[in-house]
1. Whether any residue in the range 92-107 is within 13 Å of the ligand (Cβ to nearest atom) and not in a loop (DSSP other than H, G, I, E, B) is what I want to check.
2. With the structure loaded, tell me whether D183 is within 12 Å of the ligand (Cβ to nearest atom), in contact (Cβ under 8 Å) with a residue 12 or more places away in the chain and either under 20 Å from Q266 (Cα atoms) or not assigned by TED's automatic domain parsing to the domain that holds V299 (or both) or whether it fails that test.
3. Quick check on my filter: what residues within the range 143-177 are more than 16 Å from the ligand (Cβ to nearest atom) and of a type in the set (S, T, Y)?
4. Assess whether M303 counts as being open to solvent by less than 10 Å² (accessible area, probe 1.4 Å) and either more than 16 Å from Q162 (Cβ to Cβ) or charged (D, E, K, R) (or both).
5. Looking at S22, S30, can you tell me which residue is open to solvent by less than 30 Å² (accessible area, probe 1.4 Å) and hydroxyl-bearing (S, T, Y)?
6. Does V320 count as open to solvent by less than 50 Å² (accessible area, probe 1.4 Å) and more than 19 Å from D130 (Cα to Cα)?
7. For I173, state whether it is open to solvent by 10 Å² or more (accessible area, probe 1.4 Å) and either at pLDDT 95 or above or not assigned by TED's automatic domain parsing to the domain that holds F70 (or both).
8. Do we have G282 as farther than 21 Å from P106 by Cα, in contact with a Ser or Thr (Cβ under 6 Å, 6 or more places away or on another chain) and open to solvent by less than 50 Å² (accessible area, probe 1.4 Å) here?
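The values are calculated or read from the model by the stated rules, or taken from the named source; none is laboratory data. Here the structure is a predicted model, which is why all the values come from computation and not from measurement. As a convention, Cβ positions derive from the backbone with ideal geometry for all residues, glycine included, and neighbour counts pool all protein chains shown. Side chains included, ligands, DNA and RNA excluded: accessible areas come from the protein's heavy atoms. Shrake-Rupley method; radii C 1.70, N 1.55, O 1.52, S 1.80 Å.
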Amino acid sequence: MYELPKRLKSLIPYQPITGAYSVRLDANESFLDTPDWLREEIAAAIKKIAFHRYPDPLCTELREKFAAFFHIDPQLVTAGNGSDELIGLIINTFLGPGEKMAMVRPDFSMYSIYAEIAGVPTAVYEKEPDSLELDRDGLISFVKESGAKLLIFSNPCNPTSQKATMEDMIQIIESLDCLVVADEAYMDFSEGSILHLAQKYDNLILLKTCSKIGMAGIRLGFAVANPALTRVLQAVRSPYNVNAMTQAAGCIWFSHGDYIRSCVEQIKASRNALCRELAALGEQKKEILQVLPSYANFVFLHMSHAKSVFENLAQQGIAVRLMGEYLRITAGSEMENKQLLTALEEILK
Ligand code: PMP
């Protein structure tokens, strides 16, 4: 009789919120719908696809367009079916049997899920609950002592919305011998990207995604690393991992740099407004314990009774993420933010 390996028995599938919510502020997507002119360009490009053929295995044009947008060398870029695919691939590739992966907590939940699937042991550095900031030197010592061969973390961090500075990142990379995977999924909403340093370090892989800036639906992410690491990523990914429709849509997306930048500005403005308004509400409501400053496209809110507030919001058709004593709330449109704030005010009466 077939016996499932023990490490697979306890796996729980990633559980995004599903259901009919009128306001979706749970998944850190962009609230900006794709405009008609962009839809038409994408539709025209998709119409031209040779559907009976495999897509370009190297994603040549897509990597060029991505690299041009970020002013980097396309030779350093690997495209993936969302950065999620690349995270799994990296963990499976760069860690040998028994080798440890270091991560911080709280951080993006998929890091530990992929480690568990791969049977990779983890060493977890706990952030200080009071500030939730990354203690650079503490992390460096921890990783060294743990003997981990790979460190992965998001910067800015999902879910805390905090960030490490460029100097901190450089110090971490230069102090460690292990591979450092810095996930810049939310860096578009902040400053201090180290994308331009990817070529310089032999122990750095950076991750980027289209999901937070307006293209979550096409599933497109990128790894950026020096040529030696990129060669490995190109060798281990499956041959046609980015489908033809995604490649076509991604090429059009990255051809419109001004549009992307305007989306990012609108998302940042919404986030700032949401932060401000939640902080103002916090002045009146003792249940709001802290509104963390945000460097991402969401706000991390420390609350008493977070669970009941979360459930109450859900009943009103408003989806946010519950994370222990915190709510993670994606910046929405003006209307969505208003609906959220009105509902919160009512709940906390
Ligand atoms: N990294 C981080 C830090 C994220 O928050 C997310 C999305 N929740 C991802 C990666 C995954 O992005 P993608 O949609 O490109 O798979």
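1. yes
2. Yes, satisfied.
3. S146, T165, S175
4. Criteria met by M303.
5. Exactly one residue qualifies, and that residue is S30.
6. When the stated conditions are applied, V320 passes them.
7. Against the criterion (open to solvent by 10 Å² or more (accessible area, probe 1.4 Å) and either at pLDDT 95 or above or not assigned by TED's automatic domain parsing to the domain that holds F70 (or both)), I173 does not qualify.
8. When the stated conditions are applied, G282 does not pass them.
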